[in-house]
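A short worksheet on the structure shown next.
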Amino acid sequence: MSTDRRWLARPLAWLLAAVLLVIAAAPAAAKTERKVRYSRGEVFRCFIRLLRVDLELKILEKDLDGGFVLFEYQEPIYKRSSPASLEIIELLNEPAGKDKEKPVAPDGPRSKLRMEIKRAGASDEIGLLDKLEAKLREDFGRR
């Protein structure tokens, strides 16, 4: 490389390195899952109260039959809003026969929770699921 172009190569290399560093440091959307021993209805009602009353977050859409809540998550430190969702999946045992209904698992988990916060890390999702579990224990007792 000639001497007159060398002054251009170093700043471009530094710029490329800085861009890669910023991209790598940006929080990626994660999906955190957890199983709980509460029914879908109990989890749904408790989560709505947690969002509205305890955390004062905005609920965008909710559907008990569909098993989801869409809300606006606000980061505690930076106060930046991010779209978020909780999906509540009811866990069922395999049916005993072809025409039998699927019974709810008696001793195991009854629901699977899938939390996703778009512009936050898994630690925020885990923290929110921890708060939800604490509220479930407070409202419905330990299971």
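The values are calculated or read from the model by the stated rules, or taken from the named source; none is laboratory data. Note that the structure is predicted; figures quoted are calculated from it, not measured. Ideal geometry is used to build each Cβ from the backbone, glycine not excepted, and the neighbour counts take in all protein chains shown.
Would you confirm, using the coordinates I've provided, whether residue 69 is out of contact with any Gly (no Cβ under 8 Å at 6 or more places or on another chain), assigned to a helix (DSSP H, G or I) and modelled with pLDDT of 95 or more?
It is false that residue 69 is out of contact with any Gly (no Cβ under 8 Å at 6 or more places or on another chain), assigned to a helix (DSSP H, G or I) and modelled with pLDDT of 95 or more.
Right, residue 112: modelled with pLDDT of 95 or more and not in a strand (DSSP E or B) or not?
no
Taking only pairs six or more apart or across chains, which ones have beta-carbon atoms under 7 Å, a first residue in the stretch 52-75 that is touching a residue at least 12 places away in the same chain (Cβ under 8 Å), and a second residue that is among the hydrophobic types (A, V, I, L, M, F, W, C) and part of a loop (DSSP other than H, G, I, E, B)?
As it stands, the answer is 71/57; 72/57; 73/57; 73/120; 74/57; 75/120, since those pairs meet every condition given.
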